[in-house]
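In what follows, a structure is listed as structure tokens, so that the remarks can point back to it.
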Ligand code: SF4
Ligand code: SF4
């Protein structure tokens with residue numbers, strides 16, 4: 001089963017949930033964690049995996065032969081990402097904006113465009129204890145975030161539990177991470193900003209037709225703001241992690257909650273069982 005862990009905004013604790021769930025399940029299930037937060041992958045800080053392979057991921061970007069080009073502008077018309085433009089007597093390409101879709105090459109009427117590979121990032125694979133671990137890391141100058149995430153997802157194994165640590169937000173990279181998951185956990189915090197971003201994330205996940213549940217992280221006396229919204233919208237709250245200074249200290253030291261406080265292990269196993277029941 002594939003479970004995506006996402007949040008409408010950064011810093012809510014989705015990596016904490018993904019890491020602790022992986023560690024809690026590994027004794028009873030085969031587990032894989034995909035770190036799809038490719039602009040800032042940090043699950044490895046907590047899992048300390050041993051990587052045994054790292055591959056560069058490239059996309060084909062256009063290269064224009066000015067001798068063959070008739071300046072018709074068709075390439076610029078079909079490029080959704082504005083990565084190619086006709087200016088005066090020249091066709092300019094912007095590799096950092098290109099997503100390697102091949103559209104410009106396909107539609108060029110004179111065969112003036114050929115493709116050359118451009119690195120967009122890396123994918124590292126390895127193990128953290130007995131958890132299969134895959135991490136995507138985007139090259140800083142690249143905007144092909146969703147393309148790299150799809151490559152990470154393509155490497156998912158057929159295991160009992162495949163956990164996806166998605167990027168924050170609700171844009172294309174998040175959709176690429178969450179799409180076709182069996183269930184989506186949305187992590188939020190009990191603040192007005194948390195609620196606003198949760199609402200956006202719920203809309204996105206429901207548009208994708210994926211069953212979902214909410215986890216309240218840093219739960220406190222303000223939880224009602226989240227509970228009221230979830231109640232009205234028939235969204236189950238599957239776990240609450242209380243706000244505790246000690247938990248923040250574990251996080252700052254890179255110590256997973258279930259290792260510092262093993263009582264949480266059973267809670268995460270129960271959470272998985274609950275998700276399985278709701279996904280049937
Ligand atoms: S390959 Fe696709 S994204 Fe890149 S320049 Fe051509 S049309 Fe645009
Ligand atoms: S589509 Fe081909 S011929 Fe037309 S402007 Fe672009 S590169 Fe030149």
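Bear in mind that the values in this text are calculations on the coordinates, not laboratory data. Just so we're clear, the structure is a prediction, and the values are computed from it rather than from any experiment. Heads up, the Cβs are rebuilt from the backbone with ideal geometry, glycines too, and the neighbour counts pull from every protein chain shown.
At-a-glance table
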item: 0 to 90° range, to nearest 10: angle between helix 145-154 axis and the chain longest Cα axis; result: 70
item: Efficiency of FRET from Cβ geometry, residue 48 and residue 209, R₀ 51 Å, rounded to 0.05; result: 0.90
item: Cα-based helix-to-principal-axis angle, 192-207 vs the chain, degrees rounded to 10; result: 60
item: Of 233, 89, 42, the one that fluctuates the most in a GNM where the chain has Cα springs shorter than 10 Å; result: 89
item: Net length gained if the chain between residue 261 and residue 182 were fully extended (0.36 nm per residue, minus Cα distance); result: 25.6 nm
item: Theoretical FRET efficiency, 1/(1+(r/R0)^6), r = Cβ-Cβ of residue 29 and residue 90, R0 51 Å, to 0.05; result: 0.35
item: Stretchable slack from residue 191 to residue 106, in nm (0.36 nm times residue separation minus alpha-carbon distance); result: 25.7 nm
item: Rounded, prolate or oblate (a/c below 1.5 giving rounded, otherwise prolate when a/b exceeds b/c) for region 58-119 by Cα gyration tensor; result: prolate
item: Residue exposure sequence - 99, 90 - by fewest surrounding Cβ within 10 Å; result: 90, 99
item: Whole-number percent relative contact order across the chain, with pairs defined as alpha carbons under 8 Å at least 6 apart; result: 27
item: Spin-label zone in region 54-78 - amide nitrogen under 19 Å from a point set 7 Å from the Cα of residue 97 along the C-beta vector; result: 59-65, 71-78
item: Sorted by Cβ neighbour density within 10 Å, fewest at the top, the residues 183, 243, 80, 268; result: 80, 243, 268, 183
item: Least to most buried among 165, 234, 65, 52 (fewest other Cβ within 10 Å first); result: 234, 52, 65, 165
item: Potential extension, residue 116-residue 76 segment - 0.36 nm per residue separation minus Cα distance; result: 12.6 nm
item: FRET efficiency, 1/(1 + (r/R0)^6) with R0 30 Å, evaluated for residue 171 and residue 234 via beta carbons; result: 0.70
